[in-house]
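**Student:** For reference, the structure I am asking about is given below.
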Amino acid sequence: MRIAATADLHFSASRHSALHSQLSRVRDEADVLVLAGDLTNYGLPDEMEPLLNVVVRSRIPTIAVLGNHDYESGKQLELMRMMATAGIKVLDGTAYERDGVGFAGTKGFVGGFGRGVLTAFGEPEIKQFVQASIDETLKLERAMAQLRTPKRVVVIHYSPIAATVQGEAAEIFPFLGTSRLAEIVDRHGADLVLHGHAHHGQLEGKTTGGSPVYNVAITLLQSRQPASDYRIFDI
Ligand SMILES: [Fe+2]
Ligand SMILES: [Fe+2]
C-alpha cells in the first residue's frame, strides 16, 4: 500500500485553488491519503466544507485525525460528522483496516518528553491537564489494541517523540507532544507513525522501541528538497 501523508493544511477559503492543485495527482501516486490533523485554521464548518470538496474530488480513500486547530471553535463533533458524511474515515481513539493494513489514530495531546513529562502532582488544575494527556494516550492504546493486521500505522496530530520537534523553540517542546504516546506505540508496535503539529520540526525520528516516526506537517514537506505537499510511504 502506498500512503500519501500530510498535515497542518490549516485550510481557509483563500487556500482553495492551491489545495486543489496540491492534491490533483495524489490518486495516481498513492492508494490512501492520510491527514494528520489541523485540517482547518479555526475549526469552523465553513472551512471544512470547501476542504472536503477538494478532498472528495481527489477521489482517494482518506483517513484523518483532528488537530488542536480543529477544536478552536468547539465544533469538533460537527466537523467529524461532516468528514464522515463525505466518506472520510475519522480516527478518534479508533482503528480502521484496509487491504491488510491497520490504522490506529487519535489527536494526542501535549505533556512533554522523556524525563520532562509532566506528572499529575499538586494542584487540581495540573492533574486535569495531565489527565487530558493520559486520556488521549488511553485512546491510542484502545485503537492499537483493536488492530489485528500484520502491518500497523499510527496517525496522531501531536508528536510522540522529541526528535521530530527539534527545530522548534525549545521552550515550546512540551506543547508539541508527549512521549506518553510513544510508550503506547512501543507496547503494541507500529510500522509507521505519522504526526504533524510541529510545523518547523524534523522530518523523521524513531521511538525508543525503534518504530519509525515521520512529521508530515505540510510546511516541513514544502521546505525539503524536492518540495512536496505530501509524503509517500510504501508499506
Ligand atoms: Fe498546525
Ligand atoms: Fe497543531
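The values are calculated or read from the model by the stated rules, or taken from the named source; none is laboratory data. Note that the structure is predicted; figures quoted are calculated from it, not measured. Using ideal geometry, Cβ is built from the backbone for each residue, glycine included, and neighbour counts are taken over all protein chains shown. For the accessible areas, the whole protein counts, side chains as well, though only heavy atoms, and no ligand, DNA or RNA atoms are used. Shrake-Rupley method; radii C 1.70, N 1.55, O 1.52, S 1.80 Å.
**Student:** Note the full-extension length gain between GLU78 and GLU204 as 0.36 nm times their separation in residues minus their Cα-Cα distance, in nm to one decimal.
**Tutor:** 42.1 nm
**Student:** Still on this structure, please answer the following. In whole percent, what relative contact order does the chain give with Cα contacts below 8 Å and a gap of six or more residues?
**Tutor:** 22 percent
**Student:** Please list the non-local residues whose amide H lies under 5 Å from the amide H of ARG152, H modeled 1.01 Å from N, same-chain partners needing a gap of 5 or more.
**Tutor:** Correct list: GLY102, ASP191, LEU192.
**Student:** As an exercise, use a Förster radius of 25 Å and the Cβ-Cβ distance of ARG115 and THR219 to find the FRET efficiency, rounded to the nearest 0.05.
**Tutor:** After rounding to 0.05, the efficiency reads 0.30.
**Student:** Here's a follow-up. Report, by chain and number, residues whose modeled amide H sits under 5 Å from the one on LEU176, excluding near sequence neighbours (fewer than 5 apart, same chain).
**Tutor:** Correct list: GLY111, GLY112.
**Student:** Could you list, bin by bin from short to long, the percent of Cα-Cα pairs of the chain in 10 Å steps?
**Tutor:** 8, 36, 38, 16, 2, 0
**Student:** Just how much of LEU91 is accessible, in Å², when a 1.4 Å probe is used and the result is rounded to the nearest 10?
**Tutor:** Counting only protein heavy atoms, LEU91 exposes about 0 Å² to solvent.
**Student:** A further question on this structure: If I model a spin label as a point 7 Å beyond the Cα along the Cα-Cβ vector, how far apart are those points for ASP234 and ASP46 in nm?
**Tutor:** Inter-label distance under the simple model: 4.5 nm.
**Student:** Next up: Taking Cα centroids, how far is the range 152-215 from the range 1-73 in Å?
**Tutor:** Taking the Cα centre of the range 1-73 as reference, the centre of the range 152-215 is 21 Å away.
**Student:** Take the chain, connect every pair of alpha-carbon atoms lying under 10 Å apart with a spring to form a Gaussian network, then pick out the residue of ASP70, ASP46, ASP191 with the largest mean-square fluctuation.
**Tutor:** ASP46
**Student:** Now for a different question. With a ≥ b ≥ c taken as the square roots of the eigenvalues of the C-alpha gyration tensor of the range 83-179, please select rounded if a/c is under 1.5 and otherwise prolate if a/b is larger than b/c or oblate if it is not?
**Tutor:** Prolate, because a/c is 1.5 or more and a/b exceeds b/c.
**Student:** Another one. Ignoring ligands and nucleic acids, what accessible area does SER24 show with a 1.4 Å probe (Å², nearest 10)?
**Tutor:** Here the accessible area works out near 80 Å².
**Student:** Work out, in µm²/s and without decimals, the Stokes-Einstein translational diffusion coefficient of the range 50-98 at 4 °C, 1.567 mPa s, Rh from Kirkwood over C-alpha pairs.
**Tutor:** Translational diffusion coefficient: 113 µm²/s.
**Student:** Continuing with this model, one more query. Within a Cβ distance under 15 Å of LEU176, other residues only, what is the Lys/Arg minus Asp/Glu net charge?
**Tutor:** Working: positive: LYS107, ARG180; negative: ASP8, ASP38, GLU136, GLU168, GLU171.
Neighbour charge sum, excluding LEU176 itself: -3.
**Student:** Where does the charge balance sit around HIS197 when Lys and Arg score +1, Asp and Glu -1, over other residues with C-beta under 13 Å from its C-beta?
**Tutor:** -4
**Student:** Can you list which of the trypsin sites (Lys or Arg not before Pro) found in the range 91-180 are DSSP loop residues with at most 15 other C-beta atoms within 10 Å?
**Tutor:** ARG148
**Student:** Please work out the FRET efficiency for the pair ALA132 and ASP28, using the Cβ-Cβ distance as r and a Förster radius of 41 Å; give the result to the nearest 0.05. Present the calculation step by step, with values, prior to reporting the outcome.
**Tutor:** Numbers: r = 40 Å, r/R0 = 0.98.
E(calc), rounded to 0.05, equals 0.55.
**Student:** Also: Can you list residues whose amide H is under 5 Å from GLU204's amide H, if they're 5+ apart or on another chain and H is modeled 1.01 Å from N?
**Tutor:** Those lying under 5 Å, H to H, from GLU204 are ASN215.
**Student:** Here's another thing I want to ask about it. With a 1.4 Å probe and all protein chains left in place, how much of the accessible area of the range 107-235 comes from carbon and sulfur atoms, in whole percent? Don't jump to the answer; show the numbers that get you there.
**Tutor:** Working: 3320 of 6050 Å².
Ligands and nucleic acids excluded, carbon and sulfur give 55 percent.
**Student:** Output the Cα-based Rg and Dmax of the range 40-142 in Å, rounding Rg to one decimal and Dmax to a whole number.
**Tutor:** 16.0, 51
**Student:** Return the Rg/Rh value of the range 96-143, two decimal places, where both radii are evaluated on C-alpha atoms and Rh is the Kirkwood radius.
**Tutor:** Here the Rg-to-Rh quotient is 1.15.
**Student:** Here is a follow-up. Whole-Hz Karplus ³J(HN,Hα) for the range 222-235, in order, using 6.51 cos²θ - 1.76 cosθ + 1.60 and θ = phi - 60°, x for Gly and Pro?
**Tutor:** Karplus values, whole Hz, x for Gly and Pro: 6, 8, 7, 10, x, 5, 8, 9, 8, 10, 9, 10, 9, 9.
**Student:** Moving on to the next point. Looking at the chain, what % of its DSSP beta bridges pair antiparallel, to the nearest 5?
**Tutor:** Of the beta bridges lying entirely in the chain, close to 30 percent run antiparallel.
**Student:** If you take the beta carbon distance between HIS16 and ILE172 as r and set R0 to 30 Å, what does 1/(1 + (r/R0)^6) give as a FRET efficiency, to the nearest 0.05?
**Tutor:** 0.50
**Student:** Count charges around LYS89 for me, please; just the other residues with Cβ under 14 Å from its Cβ, Lys/Arg as +1, Asp/Glu as -1.
**Tutor:** -2
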